[in-house]
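Undergrad: I'd like to ask some things about the structure below.
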Amino acid sequence: MNLKEGKGAHFIVGIMENMIVGTESCSTSELERCLVVLQSVAESDDLALATTKQELQLVCRKLQKGVKCIDDHSSRCFNSAQLRVYDSVVSESRQVIEDICIEGELQRVKKQKDHPTFLRQLALKIINDIPVDAVKVYTDGSRNDSDCTGSGIYITTHNQELKIHRRNPDFCSVFRSELIAIDEGLDSLSSFSYSDEMWILTDSRSSIQHLANWHRVRDNTGMNILNKLKSLSVSYRIHLQWIPSHVNIQGNEIADALAKAGADDVSVPSAPLTYLELFSRAKGRNKTIWLIPPVHHWYQGSRPGGCLSIDCSRRDQTTLTRFLSGHIISLTFSYNSKCFEIYPKCTAEQATPDHILACLGLFQQDLISNPLLTLDFFRVHRLMDLI
């Protein structure tokens, strides 16, 4: 992700308009047709406002078509001196177009499927091509088993380095920890005497995708990062590059260790949790509670519909299921309270399932372990119509 995209097309248009003079024999109208394509991109906001892969591909096709048209014209019509000037002037613009429009091999890989050695080689190929005087910012986020989170930042140049770790709020998401690391890294660049190029190297693809969809960013951390990138991009060329984690890339391993150290830090963070983090925490707590079966005899069987597996008639299965659940025939509701008929054998208590079992000298475990025997008791005592 390069933040100086718009300059390439303007640069090509400007130099080519000056070089039209003296090339009448090759038809300036032909060259002007090529320039119209680039000028339409340079003067519009299509490139700056491209927020989806499809929109960017459309702009790239226009750029590449215009550059190819000019290349064909220059190879036929320019003399050697003009070609040298042309090549020297547009070399940066070509690199900008290549950065924007040509998807790198590392961006196409799938971490779950590709071998770590292969991923490491692709990442090192990019890292080794970074200019020696550029600033490299490795960032990472971490969360331990106690739900403590931290961010790690490792900034390095050819003659300086800086290591930072910080504690984030407990239960903070790893995604937010990754964004905090990028934000903290941008804040720390002021202490470096760097060149005009910066590389932010993160192992969080989701963070880069989040920032790329800048028009949808609403969180404070994301907005802070975008504002800082906008300010820095006026004077510096900034790259956001994904690199794979845990493939033995030195800078990433250092940032990972710093993030873990931040998570283990005993200091108490002051930043509050976001709404989504609070919601996620509550959702996880509720899920844990739901996975614990309630202390009710109904859940002690192999499954709530376990009566259907008993070898008896459909009526008997229904009777057992009703009795197990407590929803017997005599159950009614009055003022939101359960009411049962008076038990005919003792005429003193309501015929609740627990009272029926107690009067028969049975227990809940008898109903679960030997349901057919319990049915026989119900029949002998003529309770089937009650249940």
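The values are calculated or read from the model by the stated rules, or taken from the named source; none is laboratory data. No experiment lies behind these values; they were computed from the predicted model shown. Cβ atoms come from the backbone with ideal geometry, glycine included; neighbour counts cover every protein chain shown. Please note that ligands, DNA and RNA were not included when accessible areas were found on the heavy atoms of the full protein model with its side chains. Shrake-Rupley method; radii C 1.70, N 1.55, O 1.52, S 1.80 Å.
Undergrad: Over the heavy atoms of Asp196, what accessible area does a 1.4 Å probe trace out, to the nearest 10 Å²?
TA: The accessible area comes out at roughly 90 Å².
Undergrad: Please report the net charge: other residues with Cβ closer than 13 Å to the Cβ of Glu341, K and R +1, D and E -1.
TA: 0
Undergrad: Using a 1.4 Å probe and ignoring any ligands, DNA or RNA, find the accessible area of His327 and quote it in Å² to the nearest 10.
TA: Surface open to solvent at His327 totals about 100 Å².
Undergrad: For region 111-213, what proportion of DSSP beta bridges, expressed in % and rounded to the nearest 5, is antiparallel?
TA: 75 percent
Undergrad: Report Rg (one decimal) and Dmax (nearest whole number) for region 237-281, counting Cα atoms only, units Å.
TA: Over region 237-281's Cα set, Rg and Dmax evaluate to 15.0, 39 Å.
Undergrad: Report the full-extension gain for the segment Lys345 to Asn286: residue separation times 0.36 nm, less the Cα-Cα distance, to one decimal in nm.
TA: 16.8 nm
Undergrad: Can you compute the equivalent ellipsoid semi-axes for region 303-381, i.e. the square root of 5 times each eigenvalue of the Cα gyration tensor, sorted largest first and rounded to whole Å?
TA: Ellipsoid half-lengths, sorted descending, are 22, 16, 11 Å.
Undergrad: Distance check, please: which entries in Lys111/Lys163; Lys136/Lys228; Lys110/Lys136 exceed 19 angstrom between their Cα atoms?
TA: Table pairs above 19 Å Cα-Cα are Lys111/Lys163; Lys110/Lys136.
Undergrad: Now for a separate question. Distance between Cα centroids, region 354-382 to region 222-261: provide it in whole Å.
TA: Cα centroid to Cα centroid, the span is 69 Å.
Undergrad: Can you put Thr321, Thr332, Thr374 in order of accessible area, largest first, using a 1.4 Å probe?
TA: Thr332, Thr321, Thr374
Undergrad: Under the rule of at least 5 residues apart or a separate chain, name every residue whose amide H is placed under 5 Å from the amide H of Lys345.
TA: none
Undergrad: Run through region 183-274 and list the GluC sites (Glu not before Pro) located in a DSSP loop whose Cβ has at most 16 other Cβ atoms within 10 Å.
TA: For GluC sites (Glu not before Pro) across region 183-274 that sit outside H, G, I, E and B with at most 16 neighbouring Cβ atoms in 10 Å, the list is empty.
Undergrad: A further question on this structure: If you rank Arg315, Arg237, Arg120 by how much accessible surface each has, with a 1.4 Å probe, what is the order from largest down?
TA: Arg315, Arg120, Arg237
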